[in-house]
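The values are calculated or read from the model by the stated rules, or taken from the named source; none is laboratory data. Just so it is clear, the model here is predicted, and its values are computed rather than measured. Positions of Cβ are generated from backbone atoms using ideal geometry, with glycine treated the same way; all protein chains shown enter the neighbour counts. For the accessible areas, the whole protein counts, side chains as well, though only heavy atoms, and no ligand, DNA or RNA atoms are used. Shrake-Rupley method; radii C 1.70, N 1.55, O 1.52, S 1.80 Å.
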Amino acid sequence: MLLNLNCKYLEKFISFKEYFKIKTKIEQAHNLLHFKNSRLKEYLGWVSLPKNYNKTEFNEILNTAKKIQSDSEVLVVIGIGGSYIGTRAAIEFLKSNFYNNLPKNTPNIYFVGNSISASSLCDVLKLCNNKKISLNVISKSGTTTEPMIAFKIFKEFMEKSYGRKETASRIYCTTGAENSVLKTIATENGYKIFNIPKDIGGRFSVLTAAGLLPISVSGANISKIMKGALFAYNDSLSIKSSENQCYKYAAIRNILYKKSKNIEITAFFEPRFSFLGKWIEQLFGESEGKDLKGIFPTSMIFSTELHSMGQFIQDGSRNIFETILFIDNVGNDIKIENSKNMSSFDFLSGKTMNWVNKKAFEGTVAAHEDGNVPVVILQCENASEETLGYIFYFFEKACAISSLIMGVNPFNQPGVENYKKNMFTLLGKPGYENYKKI
Ligand code: PA5
């Protein structure tokens, strides 16, 4: 198993009986995800994706990534929410949060269209000046305001330096819906199109072309990511939570929620995993937070945030629980040598930073257990592509099961529409004149 769930620190919060009591709900949730005629079937493309993904398109992704690597110094990735966060999480997790600044033979990757900030877009335009660029615009609906503004601006920027024909050969559109405006634009202009399957929602789409193309451009091995996801798929097929740690994690979340633990901190001990935390926040936030229900998801990097939020976690309101995702072997390490005039730190001499980080992890678990914070531990051996694929699938499935146990539909996001409608009224978008919630 590429990931291990350790429940040792939950014993004083959850009894065996409680796991038993939630069993039927887990089975019902499992059936909703796996039954052929499930009422949710229009959303379930992601469930068997690691087994059934389109191999022809996958090879096309690999070929296109190679082309972009060979003809571009920069890949600009345009997208927001589910069309952005997972991709960035993967690149930082597998490469570095300093990916763009480190020496490498793959293009820099800049993410835009994930806000409406002109100042941020201007900075990226400056970074792209006189560079050979390619553009991957990702929007399942093909209508989202933030990415479409950025797309319009970058398209013009590129046409100025390359002309329309070469620009067309450097723009890649990843989109879904048949009636997507983006698809129409792509077809009219001759841009290459990749597909986000109709039955896979944005926040469940990182293992489709939406994530795989830019991830592959970074040099990461996407075949291994899919292999890891397949391991997670197979490991989470059993209907029994005693044999299925993904379902057990979903059960734990719901049992704790019933005990008023309505904030979950997902914590990591590596800064380059911070966007994975953002991905988990979005996945659970948009899936579970509805109908006045849901566990508020947040994520933190330790030990960094132990020096800012540690006090609250240890001693503040007792409505939080923690899920620590600890990876034993994260790659590079540094030995701490003896240095003159720093004798008070001699106890660290000869130790490695990764070893010290592990002690920080163990110390944190002990402290938070003392502070009556339920701590779930998810532990992986290494930060490989397989592990990441496993993590992506594990959390997607745990999130779906957890939301269904809670009694909400994990796959819609009606709440997101409200801000959009108000904004469109204020912007004078035709069709929104009478939206009167402002
Ligand atoms: O998870 C979701 O469905 C959302 O976060 C979407 O991914 C996000 O709103 C972007 O949508 P689109 O890809 O249609 O531009």
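So which residues in the stretch 329-351 are within 21 Å of Lys95 (Cα to Cα) and either in contact with a Cys (Cβ under 7 Å, 6 or more places away or on another chain) or open to solvent by less than 80 Å² (accessible area, probe 1.4 Å) (or both), if there are any at all? Those that are within 21 Å of Lys95 (Cα to Cα) and either in contact with a Cys (Cβ under 7 Å, 6 or more places away or on another chain) or open to solvent by less than 80 Å² (accessible area, probe 1.4 Å) (or both): Val330, Gly331, Asp333.
Suppose the filter is more than 13 Å from the ligand (Cβ to nearest atom), outside any loop (DSSP other than H, G, I, E, B) and either open to solvent by 30 Å² or more (accessible area, probe 1.4 Å) or farther than 22 Å from Ile85 by Cβ (or both); does Lys160 pass it? When the stated conditions are applied, Lys160 passes them.
What's the total number of residues in the stretch 230-257 that are within 21 Å of Lys8 (Cα to Cα), open to solvent by 10 Å² or more (accessible area, probe 1.4 Å) and in contact with a Phe, Trp or Tyr (Cβ under 7 Å, 6 or more places away or on another chain)? Number of matching residues: 1. Does Val77 meet the test of being more than 20 Å from Phe194 (Cβ to Cβ), at pLDDT 95 or above and touching a helix residue (DSSP H, G or I) at 6+ places or on another chain (Cβ under 8 Å)? No; evaluated as a whole, the condition is false for this residue.
Each residue in the stretch 91-135 was checked for being within 16 Å of the ligand (Cβ to nearest atom) and part of a loop (DSSP other than H, G, I, E, B), and 4 of them qualify.
The single residue among Ile138, Ile193, Ile149 that is within 16 Å of the ligand (Cβ to nearest atom), among the hydrophobic types (A, V, I, L, M, F, W, C), part of a helix (DSSP H, G or I) and out of contact with any His (no Cβ under 7 Å at 6 or more places or on another chain) turns out to be Ile149. Sort out which residues of the stretch 383-438 are under 30 Å from Ala232 (Cβ atoms), open to solvent by 10 Å² or more (accessible area, probe 1.4 Å) and in a loop (DSSP other than H, G, I, E, B), and write them in order of number. If the condition is that a residue be under 30 Å from Ala232 (Cβ atoms), open to solvent by 10 Å² or more (accessible area, probe 1.4 Å) and in a loop (DSSP other than H, G, I, E, B), then Ala383, Ser384, Gly407, Asn409, Phe411, Asn412, Gln413, Pro414, Gly415 are the ones that fit. Inclusion of Lys358 among residues that are surrounded by 11 or more Cβ atoms within 10 Å (Cβ to Cβ), closer than 30 Å to Thr208 by Cβ and basic (Lys, Arg) is not warranted. Thr143 meets the conditions (1) within 16 Å of the ligand (Cβ to nearest atom); (2) at pLDDT 95 or above in every case but one. The failed one is (2). Scanning the stretch 80-90 for residues that are within 15 Å of the ligand (Cβ to nearest atom) and in contact with a helix residue (DSSP H, G or I) (Cβ under 7 Å, 6 or more places away or on another chain) yields Ile80, Gly81, Gly82, Ser83, Ile85, Gly86, Thr87, Arg88, Ala89.
Suppose the filter is outside any helix (DSSP H, G or I) and open to solvent by less than 60 Å² (accessible area, probe 1.4 Å); does Gly363 pass it? No: the conditions fail for Gly363. Picking from residues in the stretch 36-53 that are among the polar types (S, T, N, Q) and open to solvent by less than 60 Å² (accessible area, probe 1.4 Å), the one that is farthest from Ser223 (Cα to Cα) is Ser38. Take the residues of the stretch 171-190 that are away from the ligand (no atom under 14 Å from the Cβ) and hydroxyl-bearing (Ser, Thr, Tyr): which is least open to solvent (accessible area, probe 1.4 Å)? Going through the qualifying residues, I end up with Tyr172.
Among the criteria (1) within 15 Å of the ligand (Cβ to nearest atom); (2) surrounded by fewer than 23 Cβ atoms within 10 Å (Cβ to Cβ), the one Leu207 does not fulfil is (2). Residue check: Glu188 meets all listed conditions (1) assigned to a helix (DSSP H, G or I); (2) touching a residue at least 24 places away in the same chain (Cβ under 8 Å) but one, namely (2). If you go through the stretch 106-140 and pick out every residue that is in contact with a strand residue (DSSP E or B) (Cβ under 8 Å, 6 or more places away or on another chain) and open to solvent by 20 Å² or more (accessible area, probe 1.4 Å), you end up with 9.
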